[in-house]
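Coordinate-derived values only; no laboratory data. The structure presented is a predicted model; accordingly, all values stated were derived computationally and were not measured. So basically every Cβ, Gly included, is an ideal-geometry build from the backbone, and we count neighbours across all protein chains shown.
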Amino acid sequence: MVWIIKIILYSKNIKLLDDVYYWIINPIDDIENYKERNRYFSTSVAICKKKEILASAIINNDDGTLLTSIKGSGALLENTKLRCDDFVTSENFISNISSLEDKLLDANYEMIYGQGTITNLVDLAKGDFDFAIFENIEMSDVAAGILLCKETGFIISSLNGREVSLTNNESIVIYRPNEQKIVRRIIDNYF
C-alpha cells in the first residue's frame, strides 16, 4: 500500500484528485532498527487530500503510546503503555555529540542524534526536545509526524524557510516559535 501511494504522490504524469482521500501507511518507519530488533521504530498512518495532511495516527513502539492529530483540532496522547510497563525511554538511546556545537549553543542546549524519524517527531511533539533538523527525508514517509508536530505548536519549514511539500525529499527544521533565533544561527553556520 505504501508503494502504491508513493507512486501516486511522486509521479509527474498523475494529477492528485481534489475529492479523493489518500492514505499513507508506514508500517515500520526505520527498517534498520526493526532488523536489529531495536524498539526504536513506529507505525504511522496519515490521511491526505490532494497535498494536505488532514489526520494522522502514530503507534510509538518505543514507549507504547498512541498519538493522534486532526488538522486544526490539535493532537492527543490517546493511550499509554499499550503493550507493557517497562519500555526503555528514548533518552537511553541518545548521546551528546561532542563540543563542536557548544560554540553555537549556549549552556541551555544539548545537540543530540536520535534514531527513527517518526519516533523523533513523536518525542518532539511530546515536548522532549525543543527543535530538530532532519536532512533529506522523504516527506510522505513522515506525513503523520509532521501533522502531529504542527498540531502541538511547532513550525515546520525547509532550511531556506519555505513551506514543505509532501511530494518532495527535503531537509527540514521543526521548532517552537521561541526557538527561531537559535535555529537560524545553527542553519546559517552549518548549512
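Kindly flag which residue pairs out of LYS71/LYS181; LYS50/LYS126; LYS35/LYS71 have an alpha-carbon separation exceeding 30 Å in this structure.
LYS35/LYS71
If I stretch the segment between GLU52 and SER157 completely, what's the gain in nm (0.36 nm per residue apart, minus their alpha carbon distance), one decimal?
36.3 nm
Apply 1/(1 + (r/R0)^6) to the Cβ-Cβ distance of GLU36 and ASN168, taking R0 = 35 Å, and write down the FRET efficiency to the nearest 0.05.
Using R0 = 35 Å, I get an efficiency of 0.75.
Peptides 138-149, 45-56: what's the order by average Cβ count within 10 Å, highest mean first?
Averaged packing, sorted descending, gives the order 138-149, 45-56.
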